[in-house]
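One structure is given below, encoded as structure tokens.
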Amino acid sequence: MEWRRLILDSGHPLRKRPRRWNGNYPPCIPAEPCQLRRMSIAAKPSSALLIVGHGSTENPDSSTPYFEHADEIRRRRLFAEVHCCFWKEEPSMREAFYLIDSDEIYVVPDFISEGYFTQEVIPRELQLTGPTTKIRGKTFHYCLPVGVHRSMTDLILKRAAEVAPGIDPATTTLIITGHGTGLNQNSTKAIRDQVDLIAASGAGYAAVVDAYMEEQPFIAAWNEIASTPNVVVVPFFISDGLHSFQDIPVLLGIESEVGAAASQREIFRHNPHFIRGKTLYYTSAIGTERLMADVILDQISDFDQLHKAV
Amino acid sequence: MSTALRLRSLLESGIHRIGELEIQADASNICYILSHMADARLANTPSFGGLEVHHGPADARDLSTYAEDGTYRFTKGQTNLKRGWVMRLENEEDLRLALDQFYPACLGLFFAWQDGTLEIETLREKLDRQTGMYRFARTISDAGAQKLVQEVCGPAHSCAKKILWKIDPNTLLDDSEASRYNGIVGDVSAAEAIPLLCREACNHFVAECRKAAKAEVK
């Protein structure tokens, strides 16, 4: 709770940043090849980037996207060093301090929503006390999680267009699905925001709706939620782990039982699925999109603009 | 001094082993050759003796994710690193990147330990920070935790890390093979190896604490 009070007092973007798209960043139309519009970020040759993920001791695919995002940013040579750390894998967040040579570090939670982990666990583990914290001679800048950035809208539209090429959005319902839990409303807010943004974007979908594994509206009832003949489901998760790759396919009805890990199967290559009287397209988790690396950079750019940390 | 430069200095002093990895210079002395220690002789031949050759550090994570039998290596200190490959690395930066994929933060932890700046976390501190279903792990007794160290940690249980932590600030680990282990794999001296260090109980140990705590209640 002390952390919450501190970020409120310090004007941290977790509390004060406007959540809604402001109209200055128009999303593309899914029927066309997406030309994603990105902010440019100046190279930071004296700074480190630390990407924070959840990780898993059981699912080897869980941390793959984080390492891919790090590799992509490392290739661009924007930072002196790029590292990952995790809650449930190595290196831990506490070990991350020892990974980094640079004196200035941008911390980006590679999480899909704000909530318990981004507001409590990560600040506690990294010992952050506000948007910028000095720890043993190093300066840490704590950015917002990737999932709440407005540029996620373009990624969702891009992924939806790729999975259903040539399908008229006017005959299609776009469902963005997440875990959902009655314990934390923030966990669904990022999805609801994206639904609003896409619905207002002119992308042309007959309907854009949210649905969840464990709260209403339930993704298991996707065919009742959608009145159109075509349905595109985009899982709003970072990795193709247990939920997007094993649980949701069962709830959709395209798998009869929970299967093996993502890396051992090719479920996303079997689109479309003709079930329950509709044509269903199911994409891989939004976080596996290569351009998520750009969203990480966008969050850093936003942080600099808001806090003048350049 | 950067981690990469300190690594170079260590290699020049005769260090060549970390975990199950062997670090060598190639025949022309222009790049580093990284391999499983059991493949060190083959890796030192001109054609790498038929080992699968990887250029640069990019494949280090893939090579370290699964054991030879296909099982997921859920902690990187496990002594079941796959054999049959060799990695050519052009400089200390790339070598450092590769090592941090095989053994996350191994160099930084070692240098901080050498410098006396490594902050070590007791088991109780670690367990008290757990969330969700793992919160129950904190109820394990000291005796249960001590027993678990001997049943889960150390080379007898395929972990190559030297344990630095205590149960709590006043409770050392009981003497055992696991608590005595020096973090160096194979028959090399301390002057030739960077030990793998365990500054906090790993998530596997936490999960085992939870199971043991549940069993204690029953």
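Each residue in the stretch B:87-107 was checked for being more than 18 Å from the chain's Cα centre (by Cα), outside any helix (DSSP H, G or I) and surrounded by 19 or more Cβ atoms within 10 Å (Cβ to Cβ), and 2 of them qualify.
Criterion applied to B:56, B:77, B:70, B:108 was being on the phi > 0 side of the Ramachandran plot and in contact with a Leu (Cβ under 9 Å, 6 or more places away or on another chain), and the one residue passing it is B:56. Considering A:170, A:190, A:161, the condition of being away from chain B (no Cβ under 14 Å), within 30 Å of residue A:230 (Cβ to Cβ) and out of contact with any helix residue (DSSP H, G or I) (no Cβ under 9 Å at 6 or more places or on another chain) is satisfied by A:170 alone. Inspect the stretch B:45-64 for any residue being charged (D, E, K, R), surrounded by 17 or more Cβ atoms within 10 Å (Cβ to Cβ) and within 14 Å of another protein chain (Cβ to nearest Cβ) and give the result as yes or no. The answer is yes, given that some residue of the stretch B:45-64 is charged (D, E, K, R), surrounded by 17 or more Cβ atoms within 10 Å (Cβ to Cβ) and within 14 Å of another protein chain (Cβ to nearest Cβ). Residues in the stretch B:70-86 that are modelled with pLDDT of 95 or more and either more than 15 Å from the chain's Cα centre (by Cα) or surrounded by fewer than 20 Cβ atoms within 10 Å (Cβ to Cβ) (or both): 7 in all. Restricting attention to the stretch A:84-101, which residues are out of contact with any Leu (no Cβ under 9 Å at 6 or more places or on another chain) and facing chain B (nearest Cβ under 8 Å)? Result: A:88, A:89, A:90, A:92, A:101. Here A:81, A:104 are screened, and the one residue that is more than 25 Å from residue A:193 (Cβ to Cβ), within 12 Å of chain B (Cβ to nearest Cβ) and charged (D, E, K, R) is A:81.
Condition first: over 20 Å from residue B:166 (Cβ atoms) and within 14 Å of chain A (Cβ to nearest Cβ). Now tell me which residues in the stretch B:135-150 satisfy that. If the condition is that a residue be over 20 Å from residue B:166 (Cβ atoms) and within 14 Å of chain A (Cβ to nearest Cβ), then B:135 is the only one that fits. Scanning the stretch B:168-182 for residues that are farther than 21 Å from residue A:57 by Cβ and crowded, with 20+ Cβ neighbours inside 10 Å turns up just one, B:181.
Summed over the stretch A:112-153, the residues that are away from chain B (no Cβ under 14 Å), within 19 Å of the chain's Cα centre (by Cα) and hydrophobic (A, V, I, L, M, F, W, C) give a count of 6. Filtering the stretch B:181-218 down to residues that are part of a helix (DSSP H, G or I) and of a type in the set (Gly, Ala, Ser), which residue is nearest to residue B:11 (Cα to Cα)? Going through the qualifying residues, I end up with B:191.
Regarding residue B:69, is this residue in the same structural domain as residue B:186 (by TED's automatic domain parsing), free of Cβ contacts under 8 Å to residues at least 40 places away in the same chain, within 30 Å of residue B:211 (Cβ to Cβ) and not polar (S, T, N, Q)? No: the conditions fail for residue B:69.
Taking the stretch B:114-157 as the range and being within 13 Å of residue B:216 (Cβ to Cβ) and among the aliphatic types (A, V, I, L, M) as the test, the residues that pass are B:137, B:140, B:143, B:145, B:148.
Of all residues in the stretch B:65-86, those being within 14 Å of another protein chain (Cβ to nearest Cβ) and not in a loop (DSSP other than H, G, I, E, B) number 4. Pairs linking a residue in the stretch A:83-103 that is hydroxyl-bearing (Ser, Thr, Tyr) to a residue that is in a helix (DSSP H, G or I), with Cβ atoms under 6 Å and 6 or more positions apart or on different chains, are A:98/B:108; A:98/B:109; A:98/B:112.
Taking the conditions exactly as written (crowded, with 20+ Cβ neighbours inside 10 Å and farther than 30 Å from residue A:116 by Cα), does residue B:201 satisfy them or not?
Judged against the criteria, residue B:201 is not a match.
Filtered by the rule that a residue be in a strand (DSSP E or B) and buried (at least 24 other Cβ atoms within 10 Å of the Cβ), the stretch A:212-240 gives A:231, A:232, A:233, A:234, A:235.
For the stretch A:38-78, the tally of residues that are surrounded by fewer than 19 Cβ atoms within 10 Å (Cβ to Cβ), in a loop (DSSP other than H, G, I, E, B), facing chain B (nearest Cβ under 8 Å) and not polar (S, T, N, Q) stands at 1.
When the stretch A:100-121 is limited to residues that are modelled with pLDDT of 95 or more and over 20 Å from residue A:292 (Cα atoms), the one that is surrounded by the most Cβ atoms within 10 Å (Cβ to Cβ) turns out to be A:100. Screening B:206, B:188 for residues that are closer than 22 Å to residue A:126 by Cα and either among the small types (Gly, Ala, Ser) or modelled with pLDDT of 95 or more (or both) leaves exactly one candidate, B:206. Among residues of the stretch B:108-130 being in contact with an Asp or Glu (Cβ under 9 Å, 6 or more places away or on another chain) and more than 30 Å from residue B:95 (Cα to Cα), the one that is surrounded by the most Cβ atoms within 10 Å (Cβ to Cβ) is B:123. Screening residue B:33 against (1) without any contact (Cβ under 8 Å) to a residue 24 or more places away in the chain; (2) outside any helix (DSSP H, G or I) leaves a single unmet condition, (1).
The values are calculated or read from the model by the stated rules, or taken from the named source; none is laboratory data. These numbers were taken from a predicted model, which means no experiment stands behind them. Reconstructed Cβ throughout: ideal geometry from the backbone, glycine too, with neighbour counts over all protein chains shown.
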